[in-house]
Amino acid sequence: MAIGLTGLLVVAVEPSAPIGPVIAALAVARLALAVPITPSGLGVQEGAAAGLFAAFGLAPGVALAAMLLARLSLMLTTLIGVVLLQRREELPSAGHAAAKASAWR
């Protein structure tokens with residue numbers, strides 16, 4: 001799924017990019033995550049995608065822009081999740097409030 005979404009980001013950055021080679025390059029670049037050199041393959045995956053894009057005759061800058069957008073979207077969705085989890089912990093649930101009330105009796 002991540003490869004497809006990143007492929008859509010590539011098409012958003014460069015609408016004339018052929019989707020077949022883009023998906024193939026992204027799938028191979030995704031394998032860079034298997035080598036634990038940096039946390040979450042940060043930088044390694046982007047470099048691999050840029051190199052593969054160049055090998056396929058595509059602009060490496062397109063790969064870099066799309067991969068950075070993918071990283072940004074991951075960070076933003078993670079931040080939203082953290083904020084929502086913190087807000088959930090701050091709000092008492094009805095069951096929790098009833099348990100507290102019965103404990104004081």
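Screening the stretch 1-52 for residues that are in contact with a helix residue (DSSP H, G or I) (Cβ under 9 Å, 6 or more places away or on another chain) and among the polar types (S, T, N, Q) and picking the one that is nearest to residue 73 (Cα to Cα) gives 6.
Residue by residue, here is whether (1) of a type in the set (Asp, Glu); (2) under 14 Å from residue 69 (Cβ atoms) holds:
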position	(1), (2)
5	no, yes
9	no, yes
19	no, no
26	no, yes
31	no, no
35	no, no
41	no, no
46	yes, yes
54	no, no
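Read-outs: derived from the displayed coordinates by stated rules, not from any lab. Values in this document were obtained by computation on a predicted structure and should not be read as measured data. Here the Cβ is made from the backbone with ideal geometry for all residues, glycine too, and neighbour counts use every protein chain on show.
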